[in-house]
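J.: The structure follows.
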Amino acid sequence: MKDIAIFGVGGFGREVLTLIQDINKVEPTWNVIGFFDDGYEVGYESHGLKVLGGAKELSEWKTPLAVTIAIGTPRIKKAILKNIGDNEVIEYPTLMHPTVIIGDKDYVKIGKGCIFCAYTVITCDIEVGDFVILNLACTLGHDTIVKDHCAFMPTCNISGECVIEEGVYCGTGVKIINQTSIGAETIVGAGAVVVKPLPAKCTAVGAPAKAIKFHE
């Protein structure tokens, strides 16, 4: 079994711990050594595991270690990765719950550091970038491209032939209609229905989804 640590001791971090435990029930793979989190003191304990440090400690880590970044907000995740830096002993595996379905693995490309939660379905001819989160029961349709650092909360449905640019965050239950695009770093509110392209760096809500404000 390989050593792994979870960055993020909050709710999603604890959910990722259960995901890893479910993987191990099927095939013993990971030895969870603890959490890392910049917001908690070293030694803080959750679910029987201690916080071992933050990004600085990981940047100086000396022995081989797999790390999963259990942070939902794309900009915070990117900042954490920047602070960890290019430590050659750290690797970022993609974690998939045993119930995840990939329709045609020969025609699906998935990057590093992703987290795919229970009952997610990915069909065919799909590209998923690095550090993407597909939370519980998300679906990803054919010929779709999802770029780095995107995060989809539970029960998001992404239809075919969509392009989701880097750093997009979609709240619970977002529906994205086929042949639609979402610009980089846009936030789509829970329950929104995206029926036409959304620009970059906006917050969009409603059905149909409309941009209500823009951000840097």
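The values are calculated or read from the model by the stated rules, or taken from the named source; none is laboratory data. This structure is a prediction, so every number in the text was calculated from the model and none was measured. Cβ: placed from backbone, ideal geometry, glycine included. Neighbour counts: every protein chain shown. Ligands, DNA and RNA are excluded from the accessible area calculation, which covers all protein heavy atoms including side chains. Shrake-Rupley method; radii C 1.70, N 1.55, O 1.52, S 1.80 Å.
J.: Where the accessible area of the chain is counted over protein heavy atoms with a 1.4 Å probe, how much of it, in %, is carbon and sulfur?
T.: Percent of accessible area from carbon and sulfur atoms in the chain: 53.
J.: Cut-off under 28 Å on the C-alpha distance; same-chain residues fewer than 8 positions from LYS105 excluded. Which lysines are left, in chain and number order?
T.: The reachable lysines, counting only those whose Cα sits under 28 Å from LYS105, are LYS2, LYS25, LYS77, LYS78, LYS147, LYS175.
J.: Do the sum for the chain: with -39,500 (n - 2.57) for every DSSP H run of n ≥ 4, divided by all residues, what is the mean residue ellipticity at 222 nm, to the nearest 500 deg cm²/dmol?
T.: -4500 deg cm²/dmol
J.: Loop-only check: which trypsin sites (Lys or Arg not before Pro) in region 45-102 are DSSP coil with at most 12 other Cβ within 10 angstrom?
T.: Loop-located and lightly packed - LYS62.
J.: If you don't mind, another one. Given Cα pairs under 8 Å that are at least 6 residues apart, what percent is the relative contact order of the chain?
T.: Once divided by the residue count of the chain, the mean separation gives 11 percent.
J.: Per residue, how much accessible area does region 69-137 show when a 1.4 Å probe rolls over the protein heavy atoms, in square angstrom?
T.: Value returned for region 69-137: 49 Å² of accessible area per residue.
J.: How much accessible area does ILE182 have with a 1.4 Å probe, in Å² rounded to the nearest 10?
T.: Using a 1.4 Å probe on the heavy atoms, I get roughly 0 Å².
J.: Out of residues 5 or more away from ILE110 or on other chains, whose amide H comes under 5 Å of its own, with H placed 1.01 Å from N in the peptide plane?
T.: So ILE110 has HN proximity to VAL128.
J.: Still on this model: Between region 188-216 and region 81-98, how many Å separate their Cα centres?
T.: Between the Cα centres of region 188-216 and region 81-98 lies a distance of 30 Å.
J.: Could you state the angle between the C-alpha long axis of helix 74-84 and the longest principal axis of the C-alpha atoms of the chain, as a value from 0 to 90 degrees rounded to the nearest 10?
T.: So the inclination is approximately 30 degrees.
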